[in-house]
Amino acid sequence: MMNGKLARVNDAVDRAPARAVGLGYVKPLDGLRALAVGLVVVLHAGFVLSPRGSLLRGGFVGVDVFLVLSGFLITSLLLSEHAATNRISLPAFYLRRAVRLLPALALFVLFHVVYAVATRRSLRLEAQSAIAIVFYASNVVQSLHWTMPVELSHTWSLSLEEQFYVLWPGGLLLLLRLTRSARPVPLAIYVGIATAVCARFITWQVQGYPAAYMLLYSRADSLLAGAALAFVWHRGCLPRRHVRAAGWVGLAVVLAAAVWVDGTNETLFYTSFIFVALASTAMIAAVLDGRWAMNRVLALRPMVAVGRVSYGLYLWHVAVFVLVERSFGSQSSAVQIVIALVGSAAATAASWFLVERRFLVLKHRWAPSRLQADQRSNWVGESTTLLSPFATETHPQL
């Protein structure tokens, strides 16, 4: 009899939605960041340093995991601010983004320009590329087939995200004012996802690569999938039944895509993005559920540490790989990869401790003044807890 009652209680818990007051800091989400950047780093290591190519031909799907995470986290913070203050301060939001992103990016671009001058490269090309990156237009100029140094080409995704950051807060505020529906996710977000998928297909047919791969309107489905999950979480409608199973399916889809999807099959290449976005959304939902066994792996200190410094690692790793290949090209691929990984770790650590951490303490100055205590403490906590990527205290994901 007791076993029957316990079974009914467990079943009721599984059916009940998760009630969310505020997102707070979820360590396994940093672990997901580590997984995402790891896929990208392995992909680029193979392309640059190995004559046999990368073991993960589809490691670029790590970018899609990043995009879904960004859409989810940014929307979660904005929804929390709106719930607490009945408004969204656009100037404060943009200032927080600038403080978080621009200093490290400026250091990276400056280093590359100095290196280009020292090695007597085309200053015109370098100047054009630097301007495009600093003004977050790297994806646009590359979609027009403008030449960009290989060390800088991966900045297209940073430009795409920043363009979303510029447009989405105002769009979200308008959506919240116009929408009074009780449904967990506004219909407009579903329409946006479907529109992005259609836009990618049309752009692929008309312009091909790289426009269909790099432009915001053709990749917004990943960002909006994360935004949709943020609405579900914020409104306490995350279903607990089957969410862990969905997380495992999502992880399997992402890893399978990383191994088997590449650019040789264009149909598979362009159709895989929406499935990877949905798979990434399922993984994030499973993390938020709190009972997913994979959370234990994602919350390991090395995973969390890599996730916290993933921005710097993403910025620097390609440049380091190219420099190693040019300086140690006579060495074996294994030796080059070891040197490149050590160099990338050193560059990432320098970016974190010398630049990123110092500016992160300023972000709380533009935090909304009337947030709930737990959300406010997350923002303010950055100034005292982000002393190390291995810190375990509370701070926000972004």
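The values are calculated or read from the model by the stated rules, or taken from the named source; none is laboratory data. Note that the coordinates shown come from a computational prediction; the quantities given were computed from them, not determined experimentally. A quick note on method: Cβ atoms are made from the backbone with ideal geometry, for glycine too, and the neighbour counts reach across all protein chains shown.
In this structure, Ala12 does not satisfy being more than 19 Å from Val259 (Cβ to Cβ), modelled with pLDDT under 50 and outside any helix (DSSP H, G or I). Looking only at residues of the range 189-209 that are loosely packed, with under 14 Cβ neighbours inside 10 Å and among the aliphatic types (A, V, I, L, M), we find that the one that is farthest from His145 (Cα to Cα) is Val191.
Entry remark, the range 25-74: residues being within 18 Å of Gly247 (Cβ to Cβ) and either without any contact (Cβ under 8 Å) to a residue 12 or more places away in the chain or assigned to a loop (DSSP other than H, G, I, E, B) (or both) number 1 in total.
Quick one: count up the residues across the range 65-123 that are within 20 Å of Leu360 (Cβ to Cβ) and either among the polar types (S, T, N, Q) or in contact with a His (Cβ under 7 Å, 6 or more places away or on another chain) (or both). Selection size over the range 65-123: 4.
Can you find even one residue in the range 127-134 that is touching a residue at least 12 places away in the same chain (Cβ under 8 Å), over 30 Å from Leu172 (Cβ atoms) and of a type in the set (Val, Ile, Thr)? No. When residues in the range 42-57 are screened for being crowded, with 24+ Cβ neighbours inside 10 Å and either modelled with pLDDT of 95 or more or within 15 Å of Phe273 (Cα to Cα) (or both), 0 of them pass. Yes or no: Thr195 out of contact with any strand residue (DSSP E or B) (no Cβ under 7 Å at 6 or more places or on another chain), farther than 15 Å from Asp221 by Cα and without any contact (Cβ under 8 Å) to a residue 60 or more places away in the chain? Answer is no for this residue.
Can Val287 be described as within 15 Å of the chain's Cα centre (by Cα) and among the β-branched types (Val, Ile, Thr)? Don't jump to the end; show me each part of the working.
On the way: within 15 Å of the chain's Cα centre (by Cα): no; among the β-branched types (Val, Ile, Thr): yes.
The answer is no for Val287.
Please count how many residues of the range 242-275 are within 28 Å of Leu78 (Cα to Cα) and modelled with pLDDT under 85. Of the residues in that region, 0 qualify.
Does the range 154-212 hold any residues that are aromatic (Phe, Trp, Tyr) and not in a helix (DSSP H, G or I), and which are they?
Let us first name the residues in the range 154-212 that are aromatic (Phe, Trp, Tyr), namely 156, 164-165, 168, 190, 201, 204, 209.
Scanning the range 154-212 gives a single hit, Tyr209.
Exactly one residue among Thr271, Thr264 is among the hydroxyl-bearing types (Ser, Thr, Tyr), outside any helix (DSSP H, G or I) and over 19 Å from Gly31 (Cα atoms), and that residue is Thr264.
Given the structure, is Arg87 of a type outside the set (A, V, I, L, M, F, W, C), closer than 30 Å to Arg235 by Cβ and either in a loop (DSSP other than H, G, I, E, B) or out of contact with any helix residue (DSSP H, G or I) (no Cβ under 8 Å at 6 or more places or on another chain) (or both)?
The answer is yes for Arg87.
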